[in-house]
Amino acid sequence: MRTNTLHMSFHDLKGYQVTRDCMQIYLEAYAGEQASLVFIAANEAIYNALVHGCRMDPAKRVEIKLSIQNQKRLLLRIQDEGTGLQRIDFASLQKDDYTPDDTALYGESGRGLLIISKVFDRVLVGRESNQLLLIKNFPNG
Amino acid sequence: MIEIVYDQETTIIKICKERIYIEESTILRNALLGELDKGNNKITVDLSHVQYMDSSCLGVLVGVYKRAKERGGYLNLRAINQTISDLLEITHLNRVFAVTE
């Protein structure tokens with residue numbers, strides 16, 4: 001089975017916007033009914049790489065490789081030239097017993113990683129920690 | 001990008017863009033805070049045109065919701081699609097925002 005792959009890299013906000021739009025077109029073409037949420041989560045991940053990984057330094061590059069294998073397994077690999085991710089606290093991302101007045105619900109930032117961890121089936125951080133591998137399985141692919 | 005309609009009971013902020021990201025979040029924040037500054041603290045955000053939204057825009061909505069509440073008002077959402085509904089559930093914000101048809 002041949003796999004169509006989207007392979008791009010960018011250094012700045014303009015490059016991020018172009019990459020984001022290409023990911024959207026790719027996912028709408030290949031990811032079926034999962035496309036919208038996967039796109040939203042993928043967008044959070046590449047924006048994080050630019051802002052938190054590369055700290056918007058135009059000398060640094062974010063590289064992405066997006067593919068769907070056999071119509072059932074989506075892989076998104078994101079590599080940046082930053083100093084690497086902080087440890088991801090997966091346990092706190094699983095917390096679900098919020099009451100409507102829980103102050104934790106009212107933060108104005110910090111939802112990107114939550115969206116990524118809920119939409120993708122696996123979130124793997126590379127050995128050098130500036131590489132992220134996101135996997136989504138399509139059960140009826 | 002934003003249309004504002006003053007209804008008798010609520011200020012309707014209609015976002016006339018399919019996809020709203022970090023670049024739009026400042027425009028959205030300024031429009032919403034501008035209404036609070038005018039004393040309009042009962043706000044309905046109409047998302048009927050919005051297909052996708054990122055976490056920065058969710059953050060803006062939460063921030064303005066808090067300020068509106070502090071002033072005795074509210075910020076409700078209107079006409080959200082399935083994707084936005086899923087996004088609210090994932091981020092637990094379905095426990096914060098009232099959503100109307």
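Just so it is clear, none of the values below were taken in a lab; they were calculated from the coordinates. On a predicted model such as this, the values are computed, not experimentally measured, just so you know. No Cβ is skipped: glycine too gets one built from the backbone with ideal geometry, and neighbour counts run over all protein chains shown.
Results, tabulated for the structure shown:
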{"item": "Distance (nanometres) between label positions extended 7 Å along Cα→Cβ at A:Glu108 and A:Asn70", "result": "4.8"}
{"item": "Cross-link reach list, lysines versus B:Lys38, counting only Cα pairs under 21 Å and skipping chain neighbours closer than eight places", "result": "B:Lys14, B:Lys66, B:Lys69"}
{"item": "Calculated log₁₀ intensity ratio I(q)/I(0) where the Debye formula runs over C-alpha points of chain B, q = 0.10, 0.11, 0.16, 0.18 Å⁻¹", "result": "-0.22, -0.27, -0.60, -0.78"}
{"item": "Ordering of B:73-81, A:11-19 by burial proxy (mean other Cβ atoms within 10 Å per residue, highest first)", "result": "B:73-81, A:11-19"}
{"item": "Cα-based convex hull volume of segment A:17-141 per residue, rounded to whole Å³", "result": "124"}
{"item": "Kirkwood hydrodynamic radius of segment A:1-45, from inverse mean 1/r over distinct Cα pairs, in Å", "result": "11.1"}
{"item": "Ranked by how many other beta carbons lie within 10 Å on average, peptides A:122-130, B:43-51, A:58-66 from highest", "result": "B:43-51, A:58-66, A:122-130"}
{"item": "Charge sum, other residues only, whose C-beta stays under 10 Å from A:Glu108's C-beta, Lys/Arg counted +1 and Asp/Glu -1", "result": "+3"}
{"item": "Exceeding the 24 Å Cα-Cα cut-off - candidates A:Lys118/B:Lys42; A:Lys60/A:Lys136; A:Lys72/A:Lys118; A:Lys65/A:Lys136; A:Lys14/A:Lys65", "result": "A:Lys118/B:Lys42; A:Lys60/A:Lys136"}
{"item": "Zero-based 5 Å bins, Cα pair distances in the protein assembly as shown, whole percents", "result": "1, 6, 14, 17, 18, 16, 13, 9, 5, 2, 1, 0, 0"}
